[in-house]
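Peer 1: Okay, handing you the structure first.
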Amino acid sequence: MGQMKEYMIELMSQMDVEIDFLCPVCGHPVSASFKMDPDVDEHHEDVTCLNDKDEHEWTVVVLHQEGRYTAAVVENPEIDVSLEVDDHADFWEEPDPEPNPYEIFRAAMQEWDRNVDELSVPAGYSSRNRMLLITLYAIAESYFSDAVNGNVVLEPAIQKQLLKTKGLGLADIKISLETILDKPDIVRDRIGIALKSLSYHNLLVVDAVSKLAFGRMILPKDPRERSVAVGSVRKRHDCVHRNGLDSEGTRHVDITPQYLRDLGSIFEGMASALEDAITDARARRYFDAKS
Ligand SMILES: [Zn+2]
């Protein structure tokens, strides 16, 4: 069996774990993906927040008991850690980024608006409204992921910026000269893997990555809109994983048609801000290269 194939089979037999929480020191997101052996009950992982000025290090412990996974921050067990565990059923189908993600996003949002008109119901706890929230997130998440991945992978200046960011787990990787000779694209590939494994449904992560890669934050400046956007991350998580109940068992009752429309227009603003940030960063690099 070829070395690469052995390596892939080894990767596939592991669980893909994704954790997100907010750094209790600075409030920047901590987002990490790592492998966990399904046969162990306890896994420790050192993670760093995405604060590019002053990074804070934490240790996350993931427990696997009676078929259930839970996660906590060792230094601060009170922190709410969002956890997703994936057995890679869809790994092989992972496609490359779409070439025109913004056009796809705009078309999908028009369709989504029509679906809100036709399908949503007044009750803020209805499963239809929750479905529309999850669909909205899927549309936005695909766009954020394709826009970031498609624009970063080819740009050495952005790659350099991201290599320095500890939160992405790339700063400490040591690669031998032999490996570089064998795989000249290894740096680009490793950055690509790190970026693909970020959780693009965590808007704080998307915001931080946009700042790192393109020099601009994309969360709304307006405090009310910002808080609606940030609060929706947890709502999505509870709708996807807990059937609309929060971790205390309380039902989300405020996912009304008005809330959905409001969030939809906030996401449109964020997508347009990211699109502008990408265009401006590209123009800056063009002029820098000429001068
Ligand atoms: Zn921090």
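We did not get these values from a lab; they are worked out from the coordinates using the rules stated. Only a predicted model underlies this, so the values are computations on that prediction, with no experimental measurement involved. Please note: Cβ atoms are built from the backbone with ideal geometry, for glycine as well, and neighbour counts cover all protein chains shown.
Peer 1: Just 275, 66, 45 to compare: in a GNM of the chain, with alpha carbon springs under 10 Å, which one fluctuates most?
Peer 2: It is 66.
Peer 1: Give me the lysines in straight-line cross-link reach of residue 221: C-alpha distance below 22 Å, same-chain residues under 8 apart excluded.
Peer 2: Within the straight-line limit of under 22 Å, residue 221 reaches these lysines: 53, 211, 235.
Peer 1: Going by Cβ distance under 4.7 Å, what cysteines of the chain have no possible disulfide partner?
Peer 2: Singleton cysteines: 26, 239.
Peer 1: Same structure, new question: Once whole DSSP H runs in the chain are found, which of them have Cα atoms spread over 30 Å or more along the helix axis and a mean Kyte-Doolittle score of at least 0.0?
Peer 2: 127-152
Peer 1: Starting from the Cα of residue 183, draw a straight line to each of the lysines and keep only those under 20 Å, dropping any in the same chain fewer than 8 residues away.
Peer 2: Leaving aside lysines fewer than 8 places away in the same chain, those within reach of residue 183 are 5, 160, 174, 196.
Peer 1: When only alpha-carbon atoms are used, what values of Rg and Dmax, in angstrom, describe the chain?
Peer 2: Gyration radius and largest Cα-Cα distance of the chain: 19.8, 62 Å.
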